[in-house]
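The values are calculated or read from the model by the stated rules, or taken from the named source; none is laboratory data. Please read all numbers here as calculations on a predicted model, not as lab measurements. Here Cβ is always computed from backbone atoms with ideal geometry, including for glycine, and neighbour counts include all displayed protein chains.
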Amino acid sequence: MDSSATPGGHRRTLLLIPGLICDEDLYREQAAALGDEVDVVISDVSQGRSMAELARAALEVAPERFALAGLSMGGYVAWEVLRQAPERVTALALMDTSARPEVDEQTSRRQALIELTQAGRFADVLDLLWPSEVSPGRRSDAALRARADAMFLRAGPEVFVRHQLAIIARVDSRPDLANVDVPALVLCGRDDAITPLDGSEEMAAGIPGAELVVLDDCGHLSTWERPDEVTDALRAWLAR
């Protein structure tokens, strides 16, 4: 039987959850490459005010059973999806994310960005965010920067503030690591400055049977920086 099909012969569904002020473009290459194998559904993260609300919105667009993947904030939402409906998740991929809760230093940085945004300086916020979004060698990539800015501007400042507040309030998901009982992939760019590699190593060590994939010359936006490698990792994970 085709590995992309369920025991009943139906095509499997891959639910992808975008990150902070991201949309379906975050997964453009992966959705196109995997669309022949699975039904790809990308949740809309533009409306929720908490991880719980974002998770409920994702569950509303998903079928009864699905493989689940999230990048960055999408990973935080994925943990909440698992808490709300663990029986519906058949596989879990956590990309450039963490199970850890917020710490005071992170909250202070987020609050400073929120204040800039509310002062009408969202363009300045994007300038401050960019260097940490990608690996050092891609910071001068004008095309990649333009693609990121276009996506972030589609979301806009109000969504940015909502997302930051939701991230600040997220719970500690580390107690849930040992409860994951489906095939799990943990993927991280080696140069990720936002959710560093040690957080991914912690998740992979705590999830039974998890596979850890580390991408060299890659920062936080792994789906764009190393699209083929991310797709290959997702394909192998789905085959499990």
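Scanning segment 76-84 finds one or more residues that are crowded, with 20+ Cβ neighbours inside 10 Å, in contact with a helix residue (DSSP H, G or I) (Cβ under 9 Å, 6 or more places away or on another chain) and closer than 17 Å to ILE21 by Cβ. The residues on offer are ALA99, ALA119, and the sole one that is of a type outside the set (Ser, Thr, Tyr) and out of contact with any helix residue (DSSP H, G or I) (no Cβ under 6 Å at 6 or more places or on another chain) is ALA119.
Answer yes or no as to whether ALA193 is out of contact with any Cys (no Cβ under 8 Å at 6 or more places or on another chain), aliphatic (A, V, I, L, M) and surrounded by fewer than 16 Cβ atoms within 10 Å (Cβ to Cβ). Before the answer, list the steps.
Numbers: out of contact with any Cys (no Cβ under 8 Å at 6 or more places or on another chain): yes; aliphatic (A, V, I, L, M): yes; surrounded by fewer than 16 Cβ atoms within 10 Å (Cβ to Cβ): yes.
When the stated conditions are applied, ALA193 passes them.
Looking only at segment 77-90, decide whether some residue is within 11 Å of the chain's Cα centre (by Cα), closer than 17 Å to SER173 by Cβ and not in a helix (DSSP H, G or I). No, because not a single residue in segment 77-90 is within 11 Å of the chain's Cα centre (by Cα), closer than 17 Å to SER173 by Cβ and not in a helix (DSSP H, G or I).
Residue-by-condition table, conditions (1) surrounded by fewer than 19 Cβ atoms within 10 Å (Cβ to Cβ); (2) among the acidic types (Asp, Glu); (3) over 18 Å from LEU82 (Cβ atoms):
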{"position": "VAL134", "(1), (2), (3)": "no, no, yes"}
{"position": "HIS163", "(1), (2), (3)": "no, no, yes"}
{"position": "ALA166", "(1), (2), (3)": "no, no, no"}
{"position": "LEU177", "(1), (2), (3)": "yes, no, no"}
{"position": "ALA184", "(1), (2), (3)": "no, no, no"}
{"position": "LEU197", "(1), (2), (3)": "yes, no, yes"}
{"position": "GLU202", "(1), (2), (3)": "yes, yes, no"}
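Of the helices (runs of 4 or more DSSP H) that lie entirely inside segment 153-240, those containing 2 or more residues that are out of contact with any Ser or Thr (no Cβ under 6 Å at 6 or more places or on another chain) and acidic (Asp, Glu) span 197-206, 227-239.
Kindly establish whether ALA5 is surrounded by fewer than 23 Cβ atoms within 10 Å (Cβ to Cβ), at pLDDT below 95 and either of a type in the set (A, V, I, L, M, F, W, C) or out of contact with any Phe, Trp or Tyr (no Cβ under 8 Å at 6 or more places or on another chain) (or both). Criteria met by ALA5.
Test LEU165 against the criterion of being touching a residue at least 12 places away in the same chain (Cβ under 8 Å), closer than 17 Å to GLU53 by Cβ and in contact with a helix residue (DSSP H, G or I) (Cβ under 9 Å, 6 or more places away or on another chain), and give yes or no. Yes.
I need a count of the residues in segment 37-52 that are more than 13 Å from the chain's Cα centre (by Cα) and either touching a residue at least 24 places away in the same chain (Cβ under 8 Å) or buried (at least 21 other Cβ atoms within 10 Å of the Cβ) (or both). It would help to see each step written out before you state the result.
Narrowing segment 37-52 to residues more than 13 Å from the chain's Cα centre (by Cα): 37-41, 46-50, 52.
Within this subset, residues satisfying the condition of being either touching a residue at least 24 places away in the same chain (Cβ under 8 Å) or buried (at least 21 other Cβ atoms within 10 Å of the Cβ) (or both) are 37-41, 46, 48-50, 52.
Residues flagged as more than 13 Å from the chain's Cα centre (by Cα) and either touching a residue at least 24 places away in the same chain (Cβ under 8 Å) or buried (at least 21 other Cβ atoms within 10 Å of the Cβ) (or both) within segment 37-52 amount to 10.
Note on segment 199-227: residues that are of a type in the set (S, T, N, Q) and out of contact with any Cys (no Cβ under 6 Å at 6 or more places or on another chain) total 2. As for segment 103-120, it holds no residue that is in a helix (DSSP H, G or I) and in contact with a Cys (Cβ under 9 Å, 6 or more places away or on another chain).
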